[in-house]
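> Before we start, here is the structure in question, set down as structure tokens.
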Amino acid sequence: MEFIIKIGQFLLSLSLLIVLHELGHFIPAKLFKTRVEKFYLFFDVKYSLFKKKIGETVYGIGWLPLGGYVKIAGMIDESMDKEQMALPPQPWEFRSKPAWQRLIIMLGGVFVNFVLALVIYIIGSFAYGDTDIAASSIKGGFLIENPLLTDLGFKTGDQIIKVDDVDIINRSDISKNIIGANSVTYKREGVTNTIDLPVDFLGQLSSSKDRSLFGMRKPFIVNKVLDTSLNKNVDIKTGDIMYALNGQPAEFYDQIEPILEANKGQTISAIFRRGNMTVGRQLIVDDKGKLDIITSASAKELQSLGYYDIVRQEYGFFESFGVGATKFKSQIVSYFGQLKAIFNPSTGAYKGVGGFKAIYDVFPSTWSWPDFWGLTAFLSIMLGVLNLLPIPALDGGHVMFLLYEMISGRKPSEKFLEKAQLVGFFILIALVLFANGNDIFKAIFN
């Protein structure tokens, strides 16, 4: 079921982004009376899952979900239709249109990607608001288990104060600012210190089996005792909170698990909080180091018990425009920062480049419309920025040659454009193989 939910979100988001991106090319092409021969979701190599011709355009769905395309007559693109290009230019062809019209057609897809992300952020701010956790309110500090972080000197229980010079107000501020950061400031037992991150921190993180950063500690709050548990006859009630085990502090799982592991097959003492009372119990640890007690608590319950404060911010209709624009700008800056890190070999960030599996993995295992739209907005920005890269075969490559033509007054020859398109195609194939190869490598070796 989890796979169905994740793949459903992945395909819906991908399809939405592809169709709208291609509409960004299709609409201005039609406005400028340029013939569009095909409009496809996914690639139709050899055959199509569906196709129907309406007017002069064939609309279809291909079988290869690596993107989509519109085939514009008289344009040197991935179709490499040399026969058409060998014929005399026609008034309804792309190559016959003024450079400024061709530029608008080529920028249309990216424009739609950015507008879509902005609209999602605005509507999402109005409909859902923002929910976060106040970083200073997190009881017991952060859970830090990644060897990369512990080797640098971080310990579970640390309160994260700053990333570089940015104050950490809410929990999400850490993930927003950690990419490309040089240092992290933390507080431990009232003492503040700063740890410098290595230049290749992102590369090390991407290569490690554990990619967790600063997580939330999980308290031991009883939900029920399993019928198969050795402790089924012990007086333990739903809502009991463990805070000591075998005479040691044991409020969180990271404290409890080592104690249980060291006492397999033993009976140990436990102290629980039950409302305003404390109760002591003797618990039996089985041979696997388990108590077979189910624990759980909702976010609201954890807040009411003082484990953290949930920060909920709602916005009015007009206020949402400013909030959405700020989120859009922040995400654009963040993604350019990621690209900068990726293209700098010393950071090792290129090791974290992923393909379709990496995108699939970011979707949650339960359906959440706020998460779906937030991820779709981010992917829309990602698609827009990547398409702006000056690589032939991408929109940015076409734009680069059009700008050259508009500035110099000289149009590159069709032979040159054909060769550039071929080079760009091989670059794209190499990038796709590298990104998806990274996914395969991580799946096998991590």
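> Compute the separation of the alpha-carbon centres of region 149-189 and region 285-299 and state it in Å as a whole number.
If you average the Cα positions of each part, the centres end up 30 Å apart.
> Same structure again: Under 19 Å Cα-Cα from residue 327, which lysines qualify once same-chain neighbours fewer than 8 residues away are excluded?
176
> Now, a different point. If you average 1/r over every pair of different alpha-carbon atoms in region 313-446 and take one over that average, what Kirkwood value in Å do you get?
17.7
> May I pose another question? Kindly express, to the nearest 10 degrees and within the range 0 to 90, the angle between helix 99-128's C-alpha long axis and the longest C-alpha principal axis of the chain.
It works out to around 20 degrees.
> Same structure, new question: When all C-alpha to C-alpha distances in the chain are sorted into bins of 20 Å, what percent of pairs does each bin hold, rounded to whole numbers?
For the chain, the binned pair fractions read 19, 45, 26, 9, 1 percent.
> Next question. What angle, in degrees between 0 and 90 and rounded to the nearest 10, separates the Cα long axis of helix 369-387 from the longest principal axis of the Cα atoms of the chain?
40
> Assuming R0 = 25 Å, what is the FRET efficiency of residue 262 and residue 150, from their Cβ-Cβ distance, to the nearest 0.05?
Rounded to the nearest 0.05, the efficiency is 0.80.
> Which ³J(HN,Hα) values, rounded to whole Hz and listed in residue order, are derived for region 310-317 from phi using the Karplus coefficients 6.51, -1.76 and 1.60 in 6.51 cos²θ - 1.76 cosθ + 1.60 with θ = phi - 60°, glycine and proline given as x?
Listing the rounded values in order: 7, 9, 10, 10, 10, 10, x, 4 Hz.
> May I pose another question? For residue 300, list the lysines whose Cα falls under 18 Å from its own Cα; do not include residues on the same chain fewer than 8 positions away.
Correct list for residue 300: 139, 218.
> OK, next. From zero outward in steps of 10 Å, how is the percent of C-alpha pairs of region 160-297 spread across the bins?
All Cα pairs, binned at 10 Å, distribute as 11, 31, 22, 22, 13, 0 percent.
> Which far-off residues, 5 or more places away or on another chain, put their amide H under 5 Å from the one on residue 391, with H placed in the peptide plane?
396, 397
> What is the distance in Å between the Cα centroid of region 410-446 and that of region 34-67?
22
> Moving on. For region 261-375, give the percent of accessible area contributed by carbon and sulfur heavy atoms, probe 1.4 Å, rounded to a whole number.
57
> With only alpha-carbon atoms counted, please give the Rg and Dmax of region 238-287, in Å.
Just the Cα atoms of region 238-287 yield Rg and Dmax of 10.6, 33 Å.
> Further, regarding this structure: Compute, for residue 118, the solvent-accessible surface of its heavy atoms (probe 1.4 Å) with the complete set of protein chains present, and express it in square angstrom to the nearest 10.
Here the accessible area works out near 60 Å².
> What distance in nm separates the simple spin-label points at residue 191 and residue 415, each placed 7 Å from Cα in the Cβ direction?
Label-label distance for residue 191 and residue 415, simple model: 7.4 nm.
> Here's a follow-up. Send over a whole-number figure in Å² for the accessible area per residue of the chain, probe 1.4 Å.
54
> Shifting gears a bit: Using helices alone, I'd like the mean residue ellipticity at 222 nm for the chain: each DSSP H run of four-plus residues gives -39500 (n - 2.57), total over residue count, nearest 500.
That calculation yields -14500 deg cm²/dmol at 222 nm.
> Setting aside same-chain residues fewer than 8 positions from residue 53, which lysines have a Cα under 21 Å from its Cα?
30, 33, 38, 71
> Still on this structure: Could you pull out every residue, at least 5 positions away or on a different chain, whose amide H is within less than 5 Å of the one on residue 62? Hs are placed 1.01 Å off N in the peptide plane, and Pro or chain starts have none.
Residues meeting the criterion, in which the H sits 1.01 Å from N, are 41, 42, 43, 49.
> Mind listing the phi-derived Karplus ³J(HN,Hα) values for region 196-209, rounded to whole Hz, using 6.51, -1.76 and 1.60 with θ = phi - 60°, and x for any glycine or proline?
Coupling constants for region 196-209: 7, 8, x, 4, 9, 4, 5, x, 5, 5, 5, 8, 7, 5 Hz.
The values are calculated or read from the model by the stated rules, or taken from the named source; none is laboratory data. Computed from a predicted model, the values in this text were never measured in an experiment. Here Cβ is always computed from backbone atoms with ideal geometry, including for glycine, and neighbour counts include all displayed protein chains. Heads up: the accessible areas ignore ligands, DNA and RNA and are worked out on the full protein's heavy atoms, side chains in. Shrake-Rupley method; radii C 1.70, N 1.55, O 1.52, S 1.80 Å.
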